[in-house]
Each structure stands twice: as C-alpha cells, then as structure tokens.
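The values are calculated or read from the model by the stated rules, or taken from the named source; none is laboratory data. Because the structure is a prediction, the values reported are computed rather than measured. Cβ coordinates were reconstructed from backbone atoms using ideal geometry, including for glycine residues, and neighbour counts include every protein chain displayed. SASA here: full protein model, heavy atoms, side chains in, ligands and nucleic acids out. Shrake-Rupley method; radii C 1.70, N 1.55, O 1.52, S 1.80 Å.
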Amino acid sequence: KSIGGSIYLWLLASAEGLVLPQHVGGDIDLRSLTSAEGLVLPESIGGSIYLSSLTSAEGLVLPQHVGGSIELNRLASAEGLVLPESIGGSIDLNSLTSAKGLVLPQHVGGSIYLSSLTSADGLVLPQHVGGRIYLRSLTNADGLKLPYDFDLNKLNCPYNIKEEIMNNPDKYYMKPPTEEDKKGIKR
C-alpha cells in the first residue's frame, strides 16, 4: 500500500495490469508510457512524476498531492488534464500551444514551463510561483496576469513583452490575495 522510495519503470510501454501503491514517498518514472489507459496513480507522491511521453491527458488522473515536479512535456493539449491544487516542484507542459482547458495549480513551488504557448489567452497562472515562468513563444502580452509578487526577472519571454509588462505593471499583475484567498492556498 505504501513505499517510501521511488519507482522507476521508465521502459514500461503499457500500464495494463500495473498496480501501484497508494502512497509513494519518492518519484514515479513512467517516461515511456504513451497512453494513460489503465494507469491508476497513487493518491500521493512525495517526489516527482515523469510522464514525458504522454501526448494526451485522456484517462489521466493525477494524484491530489505531488511533492516534487510533474513532467508532461509532450502533452499536445490540456483537454481533460486535471492538475493537483499544489505542486511542490515544477510543472513541464512545454508542448502545449494553447492554454485552452488548462487549469494550473494555485501554488507551484518550482518553475512553470509553457515555452510553446503563442498566446496567453485563457492562461490563468497560479497565485504563487516559486521558480521561473517560461513563455518563450508568446507573441504579445494580451491576457497575461502574473502573480502579484512575481519577480519579473524570473519571466522568460521575448523582450518586447517583458518591456510591455514593465511599462504597465497594473495591467499585467494580479491583485494581492485577500486573507480568505491565503487560507485556500496549500503550502
């Protein structure tokens, strides 16, 4: 039911018949899975989860708690993707070209990789991001709202967009969370 360490099944091609423990203290490496069909992930993972070959979130149910990072860097669409409310590490969604259907956690302790997004339309960033935000392919800043306390030096995007944000901070930063909002942020 529980394992304190990590599970490395990086060559596993199918999750059919795979039974994982309910709780994993370390990482789960399933980087060769191309489909989430039959995959039942633990309720909580203390470390990171590597699903870097998935191209669709269909059937994917992520744990409620992930202490480390989530790697879904080949996911082509956010349709059907349900992320935990809080992630201790980073989240890699580098292949997404649209934020349609993407609901990011309220708290991300590490970085957010969205380097293929060309538009911030529909993008709702977390209230807290501890690391960097990678938006290298953005063509404009329309619709972008950064966390209220986010250090602009940690934003990786085209310079003209960063300059637009610097010149109009009220337009591109969220308002500080209320006391009630803070209670809802799990750390």
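One residue alone among Ser119, Ser137, Ser115 is open to solvent by less than 30 Å² (accessible area, probe 1.4 Å) and of a type in the set (S, T, N, Q), and that residue is Ser115. Pairing residues of segment 64-87 that are of a type in the set (A, V, I, L, M, F, W, C) with residues that are assigned to a loop (DSSP other than H, G, I, E, B) and open to solvent by 30 Å² or more (accessible area, probe 1.4 Å), at Cβ distances under 6 Å and at least 6 apart in sequence or on separate chains, gives Leu75/Ser95; Ala76/Thr55; Ala76/Ser95; Ala78/Gly101. When Asn160 is tested against the conditions (1) surrounded by 13 or more Cβ atoms within 10 Å (Cβ to Cβ); (2) modelled with pLDDT of 95 or more, the lone failure is (1). Look at Arg74 and say whether it is assigned to a loop (DSSP other than H, G, I, E, B), over 20 Å from Ser48 (Cβ atoms) and touching a Ser or Thr at 6+ places or on another chain (Cβ under 8 Å). In short, no. A count restricted to segment 23-49 and to residues that are in contact with a strand residue (DSSP E or B) (Cβ under 9 Å, 6 or more places away or on another chain) and either of a type in the set (Gly, Ala, Ser) or not in a loop (DSSP other than H, G, I, E, B) (or both) stands at 12. In the condition set (1) closer than 22 Å to Leu117 by Cα; (2) open to solvent by 50 Å² or more (accessible area, probe 1.4 Å); (3) β-branched (Val, Ile, Thr), Ile70 is compliant with all but (2). State which residue pairs qualify: first residue among the acidic types (Asp, Glu) and inside segment 165-187, second residue at pLDDT 95 or above in any location, beta carbons under 7 Å apart, and separation of 6 or more residues or different chains. Sorted first by the residue in segment 165-187, then by its partner, the list stays empty. Scanning segment 92-128 for residues that are part of a strand (DSSP E or B) and either touching a helix residue (DSSP H, G or I) at 6+ places or on another chain (Cβ under 8 Å) or farther than 13 Å from His65 by Cα (or both) gives Asp92, Ile112, Tyr113, His128.
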